[in-house]
Amino acid sequence: MQLIDGKIISEQIKAEIAKEVEEIVKKGGKKPHLAAILVGNDGASETYVAHKVKDCAQVGFTSTLLRFDNSISEEELINEIKKVNANPDIDGLIVQLPVPKHISDNKIIEAIDPAKDVDGFHPINVGRMVIGLPAYVSATPAGIIELLRRYKVPTAGKNCVVIGRSNIVGKPISNLLIQKADVGDATVTICHSRTENLKEVCSKADIIIAALGRAEFVTADMVKEGAVVIDVGITRVESQTTKSGFKLIGDVKFDEVAPKCSFITPVPGGVGPMTRVALLQNTLLASKKVIYK
Ligand code: NAD
């Protein structure tokens, strides 16, 4: 069994990005600039945005955090997004989701200029990704593909089962794995809450991507000998043994599944750090105008 270490790979990628930024600046270019919009003061969102700002600093990007009160209207927020769209100094824009209930997630996503949509959530980027055009690919699926690439996990012709059909993980990773690409050409089955015989479907998989958000759902009897298991799930549970008072549990019962696997990602330290670094990769692409010239 080989552990797929997202922490090490993400540090390598951050070092590569930092080096590239240094060279850009040396040649008189501008540092990549990410703007993040945060509405309200939800604890988890605050943490995620703080991580993104810290990651930017670590690789030498400029970041701007724009905070708005929970009471901001949808129209006002869209106007703020338009201002960032029009600001030539800002390369990438993310709006930390979820936004308050009186604001439509979809309207907010659609207000972002696709050329600055480094989260890859805009329908134009999603559509371009599906038909194989250059696009910003959302961070978690992009991070998973990068892990498979760097660990040289074979995917062509493999039977891959994705558990979960969300817009941010299940659907995009399924689409990427069927593309004609160096990491792709897989035969993909997408499972969800209404799938019948899930255990039987999973037990035939060469690769399982678990993204359903149910702690330790995937057990050893669902996994065939030699399978590759990518655990996307994060469930926060209280813990007496950690300083913070909680710990993160994946969708896979790691201790019993790992011995059967050829490759497996841990939680934490697998897909999570790769998700963070993928946003930096997209922001660098945005600053270099690689996807939208
Ligand atoms: P979601 O709630 O939007 O989607 C969950 C999906 O799982 C749904 O499509 C649902 O049909 C399916 N599902 C639920 N119960 C099921 C069951 N019993 N059997 C089969 N399918 C079932 O979740 P999401 O946003 O895709 O996130 C999934 C998990 O991944 C969560 O734990 C989330 O915290 C985590 N996540 C991690 C990262 C990361 O960086 N590691 C990024 C995004 C999401």
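Read the figures in this text as sums done on the coordinates, not as results from a lab. Only a predicted model underlies this, so the values are computations on that prediction, with no experimental measurement involved. All Cβ positions, even for glycine, are placed from backbone atoms using ideal geometry, and neighbour counts span all protein chains on display.
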- Task: Could you give me the radius of gyration and the Dmax of segment 65-215, taking only the C-alpha atoms into account and expressing both in angstrom?
- Result: 17.8, 52
- Message: Sorted from largest to smallest, which semi-axis lengths in Å does the alpha carbon gyration tensor of segment 162-293 give for its equivalent ellipsoid, taking the root of 5 times each eigenvalue?
- Response: 26, 22, 13
- Message: As a footprinting exposure proxy, order Val99, Val162 by other Cβ within 10 Å, with the fewest listed first.
- Response: Val99, Val162
- What full-extension length gain, to one decimal in nm, is calculated for Ser239 and Ser193 as 0.36 nm per residue of separation minus the Cα-Cα distance? 13.7 nm
- Task: Would you mind working out the magnitude of the charge dipole of segment 4-70 relative to its Cα centre, with +1 at each Lys and Arg C-beta and -1 at each Asp and Glu C-beta, to the nearest 20 Debye?
- Result: 300
- Message: With the crude spin-label approximation of a point 7 Å out along Cα→Cβ, what separation in nm comes out for Glu20 versus Gln2?
- Response: 2.4
- When the convex hull of the Cα atoms of segment 77-143 is projected onto a plane and the area is averaged over all directions, what value comes out in nm²? 4.8
- Divide the volume of the convex hull of the Cα atoms of the chain by its number of residues and quote the answer in cubic angstrom per residue. 137
- With the chain treated as a Gaussian network of Cα nodes joined by springs under 10 Å, which of Ser262, Ser193, Ser166 yields the largest mean-square fluctuation? Ser193
- Task: Specify, per residue and in Å³, the volume enclosed by the convex hull of the alpha carbon atoms belonging to segment 1-83.
- Result: 121
- Item | Tilt relative to the chain, helix 43-59 - C-alpha long axis, 0 to 90 degrees, to 10 | 80
- Task: Beyond 21 Å between alpha-carbons counts as too far, so tell me which of Lys7/Lys289; Lys19/Lys180; Lys107/Lys180; Lys171/Lys247; Lys31/Lys293; Lys158/Lys180 fall in that bin.
- Result: Lys7/Lys289; Lys19/Lys180; Lys107/Lys180; Lys171/Lys247
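So what's the back-of-envelope 222 nm ellipticity for the chain, counting only DSSP H runs of four-plus at -39500 (n - 2.57) apiece and dividing by all residues, rounded to 500?
Theoretical 222 nm ellipticity from helices: -12000 deg cm²/dmol.
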- Rule-of-thumb Rg ratio for segment 10-136 [Cα; 2.2 N^0.38 Å; N residues]: 1.11
- Message: Once you keep just the Cα pairs under 8 angstrom separated by 6 or more residues, what percentage relative contact order results for the chain?
- Response: 21
- Query: Any idea what angle helix 6-26 forms with the longest principal axis of the chain, computed on alpha-carbon atoms, 0 to 90 degrees, nearest 10?
  - Reply: 30
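So what is the orientation-averaged projected area of segment 220-283, using the convex hull of its C-alpha atoms, in nm²?
For the Cα atoms of segment 220-283, the hull's average projected area reads 5.6 nm².
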